[in-house]
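A short worksheet on the structure shown next.
The values are calculated or read from the model by the stated rules, or taken from the named source; none is laboratory data. For clarity, every value in this text was computed on a predicted model and none was experimentally measured. In this analysis, Cβ positions are derived from the backbone assuming ideal geometry, glycine residues included, and neighbour counts consider all displayed protein chains. Calculation scope for accessible area: heavy atoms of the full protein, side chains included, ligands and nucleic acids excluded. Shrake-Rupley method; radii C 1.70, N 1.55, O 1.52, S 1.80 Å.
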Amino acid sequence: MERDRRERERQEHPRPAPDRRANRTILIRTGILAVVFGVAVFAPLFGKLYAIQVRDHDFYQEKAIDQQTRDNAVAANRGEITDINGKVLASSGTVYDVILSPKDFEALLERWDDAFTDSGGNLLTDSKYYYPRPEAEKVAAGLAEILGADPEKLLARLEKNTSYEVAATRVEQEVNAEILKFIQDQHLANSIYTTPTSKRYYPHGSLAAKLIGWVNWKNDNKGAYGMEALYEKELAGETGRVVTARDGEGVEMKYSFQDYYDATDGNNVMLTMDTTIQYYCERILEKGIEMFDVQDGGFVIAMDPNTGAIKAWANSPNYDLNDPWSITDPVLLEYLETVKNDPEAAEDAYSKALGDMQNRQWRNKSINDSYEPGSTFKSMVLAAALEEGVVTESDHFYCPGYVTVADRTINCSKKAPGHGDQDLATAVGNSCNPAFVAIGQRLGAEKFYDYLEDFGFLEKTGVDMQGEGVSQIWPREKFTSANGITNLATASFGQRFQVTPLQLITAASSVINGGHLMQPYVMESITDAEGNVLEHTEPTEVRQVISTETSRRCREILEKVVDGGTGKRAYVPGYRIGGKTGSSETIKETGEDPIANKGDDYTIVSFLGFAPADDPQIIVLLAYNAPKPVVPGSNLTKDDYYISGGNMAALMAGELLEDVLEYMGVEKSYTEAERAFIDVTVPNLVGQTAQIGRESVTGAGFQVRTVGEGDTVTAQIPVGGAVIPSGSEVILYLGEEKPDELVAVPDVRGRTAAQAQEILARYGLYLKVGGSSRYMSSNAIVASQEIAVGASVERGTVVTCLFSDNTMTD
């Protein structure tokens with residue numbers, strides 16, 4: 001019954017058929033909503049994933065590597081710089097930077113707290129691994145004591161929220177060992193560590209400072225100035241790395257993972273410079289600066305005239321390569337002190353002045369700057385005139401003390417009545433301006449300018465040095481114009497134009513080496529660590545300027561400049577020296593550097609010398625910038641030296657060339673006339689028989705006097721090994737006691753050589769002439785004596801005196 005009823009109901013009320021289309025619509029809408037919500041929810045995640053995995057991949061990779069590893073640089077050993085004989089001028093050694101890692105230190109303290117305190121904060125001192133907590137103040141104090149640093153500054157660095165703080169740089173091996181022991185004792189692994197780096201050492205200090213240059217470790221650790229800068233790529237090498245893994249807590253796992261990338265050491269650079277010749281040049285430069293009260297330093301360049309190889313390059317002011325930021329030159333220090341004590345100076349005046357003085361001592365002004373060469377330039381004018389045949393050795397020139405060109409009167413160094421009549425060699429020896437004006441006029445402006453080009457004065461020399469300057473010479477159009485007649489006249493004696501010292505010595509070398517203009521160079525060779533030659537400099541001839549015959553004639557004439565001319569103070573018995581003196585006055589312009597001079601103008605005194613004159617092996621250019629007159633306008637210094645190239649630079653150059661030639665093994669060859677004035681070493685005769693003693697003394701060229709009647713020499717004055725002029729008296733004691741009382745050195749300044757010798761002999765002392773021995777037979781007077789007046793010395797002491805005849809020379 002019930003079933004029938006349900007059947008009837010179903011038939012009366014049938015169930016509607018499902019709407020499949022509506023269901024499909026709902027399904028689609030649900031899907032779309034799911035996609036929309038899915039995109040909305042997951043798109044940022046995908047975007048972030050893209051950013052991490054793709055866009056910022058390198059950043060996060062670097063960050064992960066930084067967290068998981070420690071990457072320490074290993075500095076390459078910079079190559080050595082040596083002189084031509086292999087003497088080390090610059091070398092590198094391993095030193096260490098001390099690094100703090102504050103984050104690692106913080107993590108270390110957290111680990112300590114976890115290990116040695118319980119939940120109540122009580123210490124667990126019974127652990128066999130226990131050690132006192134390394135408090136930051138104690139660590140900073142201990143580290144500061146080793147480093148000699150400020151503990152408060154170290155503490156401030158240790159408390160920063162960083163992973164890398166520099167505590168000290170370039171500490172030596174001994175300090176590094178103390179640091180490592182401190183790290184071990186205080187259980188500070190990773191919180192403090194040291195990394196090896198390289199330090200540059202200059203074993204000769206200031207020697208050749210401006211030639212070598214230095215490494216600027218305060219900035220980029222690259223070469224600054226000189227060879228260090230020019231050959232940076234060759235010297236530097238390639239930095240290596242040590243990569244060490246860290247665990248999850250950042251602790252370095254040195255023995256589980258460590259990767260080494262070896263550093264590649266730099267190559268070695270050998271220079272043409274000779275350390276011994278460099279020393280002689282620097283010594284004579286400083287000696288002259290002190291003697292002549294020079295205000296703005298000077299320079300000496302020594303070169304092999306046949307190859308262009310630079311043998312020495314001395315400059316003043318100078319500095320210590322191991323501490324290039326410190327000012328040591330007394331003139332520069334005096335200026336800084338003046339600025340420091342000036343109550344009207346600006347607030348930053350001292351720091352600015354210090355920077356200026358540092359730059360001044362670093363600059364190589366003998367290559368950077370130009371100057372008026374003065375009469376040293378006459379060597380090139382002579383060569384050009386002889387080559388062109390406009391003068392010969394038999395030509396004569398008349399000098400009344402001046403010459404008039406256009407509307408200008410040009411004076412000679414010897415004013416009226418002048419030099420009078422003179423042949424070519426005498427005119428060169430006198431450095432006669434009127435004669436050279438005439439020679440320049442015979443050459444003519446066009447030809448004169450051609451030789452300016454041929455001798456290389458209109459171009460750089462091409463030397464392998466940084467910052468080579470250029471000359472300041474009239475354009476050809478101006479020089480050769482009708483109005484340029486006075487330019488030709490003044491150029492003929494080296495005035496009113498400027499050249500660099502290197503241009504001058506390079507051109508002068510061609511005058512005396514057979515006529516070949518050589519390119520100067522400093523780098524001899526570059527070798528790798530195994531000694532393999534990677535690069536070698538061969539001498540380079542730029543051009544032939546004059547003929548071999550003209551060069552020979554120039555050498556003969558220039559030798560006479562030293563043999564009786566203005567360069568006579570460069571004369572050295574036994575050596576044939578040629579050269580040319582020079583003096584050039586420079587007008588000081590407004591705003592110019594205040595150090596060079598306190599007056600309105602200043603003089604550069606110079607000498608260009610070469611030897612041996614018949615076969616030149618060395619050529620030098622020596623100059624002093626601004627010898628100080630005793631009063632403004634005077635021609636004399638406070639020690640009565642006449643301010644000129646002949647009286648100052650030539651005197652120093654003679655001593656320099658003698659030292660250099662002896663070092664080079666060039667033997668002296670004396671004329672008969674020279675033998676009367678040479679310095680001779682006294683033989684040691686103590687213990688010899690009286691007969692042998694007398695014969696040895698007279699055989700050495702001395703006079704002999706004996707005291708006593710014995711048969712054996714028991715004492716002598718002066719002692720064996722003393723160097724005194726030949727003809728001096730040597731006293732031999734034959735059993736008699738030698739006087740042992742001291743004597744006071746007399747004042748012989750202002751005396752001639754003969755007078756000084758006589759006065760010193762009264763006290764049992766001996767005269768040694770500094771510089772040219774020709775002063776023994778001239779009217780020159782003693783300008784200074786090396787042993788102070790009144791000093792107590794033994795009898796037989798040799799007193800070296802320097803002479804000046806104050807003749808007005810160029």
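What nm value, rounded to one decimal, do you get for the distance between Asp747 and Asn322 when each label is placed 7 Å out toward the C-beta?
4.2
Starting from the amide H of Val799, placed 1.01 Å from N in the peptide plane, find each other amide H under 5 Å away whose residue is 5 or more places distant or on another chain.
So Val799 has HN proximity to Tyr766, Leu767, Lys768.
Run a plain Debye calculation on the stretch 467-518 (Cα atoms as equal point scatterers, no solvent) and give log10 I(q)/I(0) at q = 0.22 Å⁻¹, rounded to two decimals, same order as the q list.
Cα-only, vacuum Debye calculation for the stretch 467-518: -0.91.
Could you list which residues have their amide H under 5 Å from that of Ala529, counting only those 5 or more apart in sequence or on another chain, with H placed in the peptide plane?
none
Under the 0.36 nm per residue contour assumption, what length would be gained going from the current alpha-carbon distance of Leu636 and Glu238 to full extension?
The span from Leu636 to Glu238 would gain 137.6 nm if fully extended.
How long, wide and thick is the stretch 415-540, going by the Cα atoms along their three principal axes, in whole angstroms, largest first?
Ordered largest first, the stretch 415-540 gives principal extents of 68, 33, 22 Å.
If you scale each eigenvalue of the Cα gyration tensor by 5 and take the root, what three semi-axes come out for the stretch 688-772, rounded to whole angstrom and sorted largest first?
Equivalent ellipsoid semi-axes, largest first: 25, 16, 9 Å.
What fraction of the DSSP beta bridges in the chain is antiparallel, stated in percent and rounded to the nearest 5?
Here the share of antiparallel DSSP bridges comes out near 90 percent.
So, in Å, what gap is there between the alpha-carbon centers of the stretch 677-710 and the stretch 395-467?
52
In whole Å, largest first, what are the principal axis extents of the Cα atoms in the stretch 606-716?
Between the extreme Cα coordinates on each principal axis of the stretch 606-716 lie 62, 40, 23 Å.
Please compute the length gained on full extension between Asp356 and Val88, using 0.36 nm multiplied by the number of residues separating them and subtracting their Cα-Cα distance.
Extra length available between Asp356 and Val88 comes to 93.4 nm.
If you count only protein heavy atoms and use a 1.4 Å probe, how large is the accessible surface of Leu155, to the nearest 10 Å²?
40
Averaging over every viewing direction, what projected area does the convex hull of the Cα atoms of the stretch 480-584 cover, in nm²?
10.8
Can you put Ile32, Ile557 in order of accessible area, largest first, using a 1.4 Å probe?
Reading off the accessible areas and sorting them downward yields Ile32, Ile557.
Along the principal axes of its C-alpha atoms, what lengths does the stretch 263-361 span, in descending order and rounded to whole Å?
55, 48, 18
Pull out the extension gain between Glu110 and Glu538, defined as 0.36 nm times the separation in residues minus the alpha carbon to alpha carbon distance; nm, one decimal.
Length gained between Glu110 and Glu538: 147.4 nm.
Of Leu517, Phe479, Leu685, whose Cα points farthest to the positive end of the dipole of the chain (charges on the beta-carbon: +1 Lys, Arg; -1 Asp, Glu; origin at the Cα centre)?
My answer, from the dipole projection, is Phe479.
Sorting Glu446, Glu344 by accessible area (1.4 Å probe), largest first, what list results?
Glu344, Glu446
Which whole-number percent gives the relative contact order of the chain, counting Cα pairs below 8 Å spaced six or more residues apart?
10
Report the percentage of all Cα-Cα pairs in the stretch 79-128 whose separation exceeds 17 Å, rounded to a whole percent.
64
How much accessible surface does Phe37 have with a 1.4 Å probe, in Å² rounded to 10?
Surface open to solvent at Phe37 totals about 130 Å².
Return the FRET efficiency for the residue pair Tyr670, Asp185: r is the Cβ-Cβ distance, R0 is 60 Å, and the value is rounded to the nearest 0.05.
After rounding, the FRET efficiency stands at 0.25.
In whole Hz, what ³J(HN,Hα) sequence does the stretch 721-726 give by Karplus (6.51, -1.76, 1.60; θ = phi - 60°), x for Gly and Pro?
With the stated coefficients, the stretch 721-726 comes to x, 5, 10, 9, x, 4 Hz.
So how far apart, in nm, are the two label points at Arg363 and Glu446 if each is 7 Å from Cα heading toward Cβ?
Here the modelled spin labels are 4.0 nm apart.
Report Glu137's accessible area, 1.4 Å probe, all protein chains in place, as a number in Å² to the nearest 10.
110
Give the calculated FRET efficiency between Asp615 and Thr689 to the nearest 0.05, with a Förster radius of 25 Å applied to their Cβ-Cβ distance.
Calculated value: 0.05.
Over the stretch 102-144, how many percent of alpha carbon pairs lie in each 5 Å bin up to the one with the longest distance?
5, 20, 27, 23, 16, 7, 1
How big is the charge dipole of the stretch 253-405 about its Cα centre, in debye rounded to the nearest 20, if each Lys and Arg gets +1 on its Cβ and each Asp and Glu gets -1 on its Cβ?
220
Extending each Cα 7 Å along its Cβ direction at Thr338 and Glu453, get the distance between those two points in nm, one decimal.
Between Thr338 and Glu453, the label points sit 4.5 nm apart.
Over the chain, one equal point on each Cα, no solvent: what is log10 I(q)/I(0) by the Debye formula at q = 0.05, 0.06, 0.07, 0.10 Å⁻¹?
-0.44, -0.58, -0.72, -1.10
Dipole of the chain (Lys/Arg Cβ +1, Asp/Glu Cβ -1, origin at the Cα centre): which of Phe607, Ala353, Val403 lies farthest to the positive side?
The Cα lying farthest towards the positive end belongs to Ala353.
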